[in-house]
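K.L.:
One structure follows; several queries about it will come next.
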Amino acid sequence: MTTTHINAKLTPEQLKAFGEEMDTIRQRILADLGEEDAAYIRGVVDKQRKLEVAGRALMYLPPAWPVAVAALSLSKILDNMEIGHNVMHGQYDWMGDPGLNSRMYEWDNVCPSDQWKYSHNYIHHTFTNILGKDRDIGYGILRMDEEQPWHPYYLGNPLYAFLLMVFFEWGVAMHDLEVENIVKGTRKLEENAALHQGIMRKVRRQALKDYVLFPALTGPLFPLTLTGNAIANLTRNIWAYNIIFCGHFPSGAETFSEEECLDEDGPDGKQESRGHWYYRQVLGSANISGGPLFHVLSGNLSHQIEHHLFPDLPARRYPEISAEIREICERYGLEYTTGPLRKQVGSVVKKICRLALPGRKAPTGHPEDAPVVDVTPAAA
Amino acid sequence: MTIQRAVAQRILGSRTLAALTSPHGVDRYLELVNPMWAATEVRATVVDVVRETDDAAAPVATIRLQPTHTWRGHRAGQYVQVGVEVPGARRTTRCFSISSAESGPGEPFTITVRAHEEGLVSKYLVREAQPGLVVHLSQAEGEFTLTESPATPTNNHLLMISGGSGITPVMSQLRTLLRDGYDGKAGRRVTFLHYARSREDQIFAEELQRIAWADNGVTVHLRYGDDVFTEEGLRRLVPEYRDTDTWACGPAGMMELVLEAYAESPRLRTEYFKLGTRSLAAGEGSPEGDLAFTTSGKSAPNNGAPILEQAEALGLTPEFGCRMGICLTCTSRKSEGTVRNVLTGEESALPDEDIRICVSAPVGDCVIEI
């Protein structure tokens, strides 16, 4: 039986001190940003563009087709994760380069970047793991938390998860349409009209590029090139899905209710303190351990905890502060959830299958869920 | 443009290439090969940097730029946004009036820059820029342009008033008129009135002297030191100044006096340089400064709250998200003024800066593009 670490419940003073320690780290990194960070991201972009050109070019040589697909897959992964996700978080806005600016960057998949920024930068990062507010808990189609009431529909949990993985870029593109709320009746179809336009525009451009123009340019190799491009997109989908699902679903990552997060008084009533926000980000996130290349390919989302603490700091900085963050978490009695990829993925798969069925609540590390210990004096 | 250039431009700007390079665009791939290759963006290499004045504190230099063929040229009096990667790897962009005569597509032009103590870009361009440096450009912008050319048969009297580095756009206009055959023989006149801090601070001194002495219809009046702009001085020079087509460009103080003198005459065109905060007319200012929203035209005294809250109090509805400074939804442009980050206490007074209005509070006067 696995022992679950019960996270400490922090007093308001402890939360404040915790928040201040985090703020200090953030300020230190912000003040240090400069040449190295700029050179780094330019280097990644350079490699990504070269991989892309190589991938497209090698499609003209049938014997090199596997290499072409591999190169194109890698270029799409880099564009999606280390470049796209991080640039759109504003991590490189300080550079003043419009090509690396969060307001202007558009990434190489079917999801329009402005819609993604709304649901990710705002909704997901502000309401991380708050059930009922963070729509990334289950993405509207999966049951990923015990508190989500069970329904026979969820018997298909593993199937929906598999389909989402294969068609991940399409799932991400449709995320803002809030299909589950349309089905429930809490959202009207008309509200999606403007979003729909943006999605179709992006879909048209991507489909034209990957499935019509580049295949057509290779003449008689059209079917081979089309398949190659489709596989590259599929590879990126599978990789991104697995990294992202390991961010908040492995055991050790906790969810929260809205009420428990309103821990201090503000000008407009109860609000969440800055310390509690940091605390929720740590407990709600999970890291993946690995080598430097793995971290780059995951867009440093392998450092999900650090990313959720400091979403707008360049992701290359997360590895260098991870030991410090871990030490602070230990001092405050908070679990720093991490593990190798296969273990984290395994944990997520188990959860998807377990939650497909109704049943007993599994133990969590949330202090609110700590079992009441019955202290009975030993018999004399 | 050569045939190869024309064909290249046709291909680079084509919709097919745009579709193939979607979503990043052709330029993102071209720049990896050669920064001077561009399909839609405009860049330039520095050809040379020539010192105009040698004031140790604030030297002035003319920088000649050779742009990419995507440069569409400029009309006399317009300005260009120049982006330079200053040390620290931050690309900073500032506006500079073009000092050379009208240019055509792909043609070189000059900017004449004074290196201000607080001017990141101006200091870099004047003191550090070497031939071969690549800078980023916008297309030429601005409405401060000549409304007539030597070709138009009018007997108009043109009046140009400038102070300090405000000489640059009107110099471009004067050079254009003279280059394109304006010789005063048709009875047209140009009065060029300039105010400089001292004789040593006079930019283009030699050239203006030559113009003054040449037999053309241009009269050059240079004033130094305490001989500052006054309405009487102007009236003595050009009695009918309110009915004369005038182009005025200079520091805020001088411009206020010019505006007062012209009293809403439609013949006056003005250009401002953003140096420090514009001073308010006496009696209008509030102790904490004023917060102005230029797009909606609303403003109010600053009460120290974050800009997002003050905008909402005025009935504006700027976009927002987390209201805690992490999601970037509320990012807006501050044209000028100082803001303080309410989370970190950090202050910033840079002009044309993108700020997160949910965590930025004004310190003194502030102008926001909302």
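K.L.:
For the condition among the hydrophobic types (A, V, I, L, M, F, W, C) and over 24 Å from the mean Cα position of the chain (by Cα), what is the one hit in A:70, A:57?
P.N.:
Answer to the check: A:57.
K.L.:
With respect to residue B:70, is the statement that it is over 30 Å from residue A:34 (Cβ atoms) and hydroxyl-bearing (Ser, Thr, Tyr) true?
P.N.:
yes
K.L.:
I've got another one for you. Are there strands (runs of 3 or more DSSP E) fully within the stretch B:23-99 with at least 3 residues that are modelled with pLDDT under 95 and farther than 28 Å from residue B:7 by Cα? List them.
P.N.:
B:42-53, B:79-86, B:90-97
K.L.:
Follow-up. State whether the residues of the stretch A:160-179 include one that is over 19 Å from residue A:111 (Cα atoms), assigned by TED's automatic domain parsing to the domain that holds residue A:124 and modelled with pLDDT under 95.
P.N.:
no
K.L.:
Could you go through the stretch A:280-290 and let me know if any residue there is of a type in the set (Gly, Ala, Ser) and closer than 27 Å to residue B:305 by Cα.
P.N.:
The answer is no, given that none of the residues of the stretch A:280-290 is of a type in the set (Gly, Ala, Ser) and closer than 27 Å to residue B:305 by Cα.
K.L.:
Now, a different point. Out of (1) within 14 Å of another protein chain (Cβ to nearest Cβ); (2) more than 19 Å from the chain's Cα centre (by Cα), what's the single condition that is false for residue B:105?
P.N.:
Tallying (1) within 14 Å of another protein chain (Cβ to nearest Cβ); (2) more than 19 Å from the chain's Cα centre (by Cα), residue B:105 fails exactly one: (1).
K.L.:
Can you find, within the stretch B:351-370, the residue that is surrounded by the most Cβ atoms within 10 Å (Cβ to Cβ) among those that are within 12 Å of chain A (Cβ to nearest Cβ), under 23 Å from residue A:314 (Cβ atoms) and in contact (Cβ under 8 Å) with a residue 24 or more places away in the chain?
P.N.:
Among those residues, the one meeting the criterion is B:356.
K.L.:
While we're looking at this one, here's another question. Give me a count of the residues in the stretch A:26-52 that are over 24 Å from residue A:309 (Cα atoms), surrounded by 14 or more Cβ atoms within 10 Å (Cβ to Cβ) and more than 7 Å from chain B (Cβ to nearest Cβ).
P.N.:
Number of matching residues: 7.
K.L.:
Continuing with this model, one more query. Out of the residues in the stretch B:331-342 that are under 18 Å from residue B:93 (Cβ atoms) and of a type outside the set (Val, Ile, Thr), state the one that is farthest from the other protein chains (Cβ to nearest Cβ).
P.N.:
Restricting to residues being under 18 Å from residue B:93 (Cβ atoms) and of a type outside the set (Val, Ile, Thr), the top hit is B:337.
K.L.:
So, in the stretch A:1-20, exactly how many residues are surrounded by 17 or more Cβ atoms within 10 Å (Cβ to Cβ) and of a type in the set (D, E, K, R)?
P.N.:
Adding up the residues that qualify gives 0.
K.L.:
I'm trying to understand the selection: among the residues of the stretch B:71-102, which are away from chain A (no Cβ under 14 Å), of a type in the set (Gly, Ala, Ser) and surrounded by fewer than 17 Cβ atoms within 10 Å (Cβ to Cβ)?
P.N.:
If the condition is that a residue be away from chain A (no Cβ under 14 Å), of a type in the set (Gly, Ala, Ser) and surrounded by fewer than 17 Cβ atoms within 10 Å (Cβ to Cβ), then B:73 is the only one that fits.
K.L.:
Return yes or no: is residue A:98 away from chain B (no Cβ under 12 Å) and more than 30 Å from residue A:264 (Cα to Cα)?
P.N.:
no
The rows are residues; the columns are (1) touching a helix residue (DSSP H, G or I) at 6+ places or on another chain (Cβ under 9 Å); (2) assigned by TED's automatic domain parsing to the domain that holds residue A:308.
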{"position": "A:5", "(1), (2)": "no, yes"}
{"position": "A:11", "(1), (2)": "no, yes"}
{"position": "A:18", "(1), (2)": "yes, yes"}
{"position": "A:23", "(1), (2)": "yes, yes"}
{"position": "A:38", "(1), (2)": "yes, no"}
{"position": "A:48", "(1), (2)": "yes, no"}
{"position": "A:56", "(1), (2)": "yes, no"}
{"position": "A:59", "(1), (2)": "yes, no"}
{"position": "A:84", "(1), (2)": "yes, no"}
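K.L.:
At least 2 residues that are surrounded by fewer than 20 Cβ atoms within 10 Å (Cβ to Cβ) and in contact with a strand residue (DSSP E or B) (Cβ under 6 Å, 6 or more places away or on another chain) in each: list the strands (runs of 3 or more DSSP E) lying fully within the stretch B:188-276 that qualify.
P.N.:
B:218-224, B:268-272
K.L.:
Could you check the stretch B:310-330 and list, in sequence order, the residues that are more than 13 Å from chain A (Cβ to nearest Cβ) and in a loop (DSSP other than H, G, I, E, B)?
P.N.:
B:314, B:315, B:316, B:317, B:318
K.L.:
In the stretch A:308-323, how many are over 21 Å from residue A:335 (Cβ atoms), within 14 Å of another protein chain (Cβ to nearest Cβ) and in a helix (DSSP H, G or I)?
P.N.:
Going through the stretch A:308-323 one residue at a time, the tally reaches 1.
K.L.:
Moving to a separate point now. Looking only at the stretch B:1-15, which residues are in a loop (DSSP other than H, G, I, E, B) and either of a type in the set (A, V, I, L, M, F, W, C) or touching a residue at least 24 places away in the same chain (Cβ under 8 Å) (or both)?
P.N.:
Once the filter is applied, which keeps residues that are in a loop (DSSP other than H, G, I, E, B) and either of a type in the set (A, V, I, L, M, F, W, C) or touching a residue at least 24 places away in the same chain (Cβ under 8 Å) (or both), the stretch B:1-15 yields B:1, B:13.
K.L.:
Is it true that some residue in the stretch A:127-143 is buried (at least 20 other Cβ atoms within 10 Å of the Cβ), at the interface with another protein chain (Cβ under 10 Å from one of its Cβ atoms) and either at positive phi or more than 13 Å from the chain's Cα centre (by Cα) (or both)?
P.N.:
Yes, because at least one residue in the stretch A:127-143 is buried (at least 20 other Cβ atoms within 10 Å of the Cβ), at the interface with another protein chain (Cβ under 10 Å from one of its Cβ atoms) and either at positive phi or more than 13 Å from the chain's Cα centre (by Cα) (or both).
K.L.:
Another one. From A:206, A:271, A:197, which residue is farther than 30 Å from residue A:339 by Cα, modelled with pLDDT under 95 and touching an Asp or Glu at 6+ places or on another chain (Cβ under 8 Å)?
P.N.:
Of A:206, A:271, A:197, the one residue that is farther than 30 Å from residue A:339 by Cα, modelled with pLDDT under 95 and touching an Asp or Glu at 6+ places or on another chain (Cβ under 8 Å) is A:271.
Residue by residue, here is whether (1) in contact with a Lys or Arg (Cβ under 9 Å, 6 or more places away or on another chain); (2) crowded, with 19+ Cβ neighbours inside 10 Å holds:
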position	(1), (2)
B:2	no, no
B:6	no, no
B:9	no, no
B:12	no, no
B:19	yes, no
B:22	yes, yes
B:40	no, no
B:46	yes, no
B:59	yes, no
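Residue by residue, here is whether (1) under 30 Å from residue A:118 (Cα atoms); (2) touching a helix residue (DSSP H, G or I) at 6+ places or on another chain (Cβ under 7 Å) holds:
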| position | (1), (2) |
| --- | --- |
| A:191 | yes, no |
| A:194 | yes, no |
| A:199 | yes, yes |
| A:207 | yes, no |
| A:211 | yes, yes |
| A:214 | no, yes |
| A:217 | no, no |
| A:222 | no, yes |
| A:228 | no, yes |
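K.L.:
Which pairs do you get when a residue that is farther than 12 Å from residue B:99 by Cα, found in the stretch B:50-65, comes within reach of a residue that is among the hydroxyl-bearing types (Ser, Thr, Tyr), reach meaning Cβ atoms under 7 angstrom, with the pair 6+ apart or on two chains?
P.N.:
Matching pairs, first to second residue: B:50/B:62; B:52/B:62; B:52/B:112; B:59/B:53; B:60/B:53; B:60/B:112.
K.L.:
If you check B:319, B:312, B:336, which single one turns out to be under 31 Å from the mean Cα position of the chain (by Cα) and surrounded by fewer than 16 Cβ atoms within 10 Å (Cβ to Cβ)?
P.N.:
B:319 is the lone residue from the list that is under 31 Å from the mean Cα position of the chain (by Cα) and surrounded by fewer than 16 Cβ atoms within 10 Å (Cβ to Cβ).
The values are calculated or read from the model by the stated rules, or taken from the named source; none is laboratory data. All figures in this text were calculated on a predicted structure; none of them were measured in a lab. Positions of Cβ are generated from backbone atoms using ideal geometry, with glycine treated the same way; all protein chains shown enter the neighbour counts.
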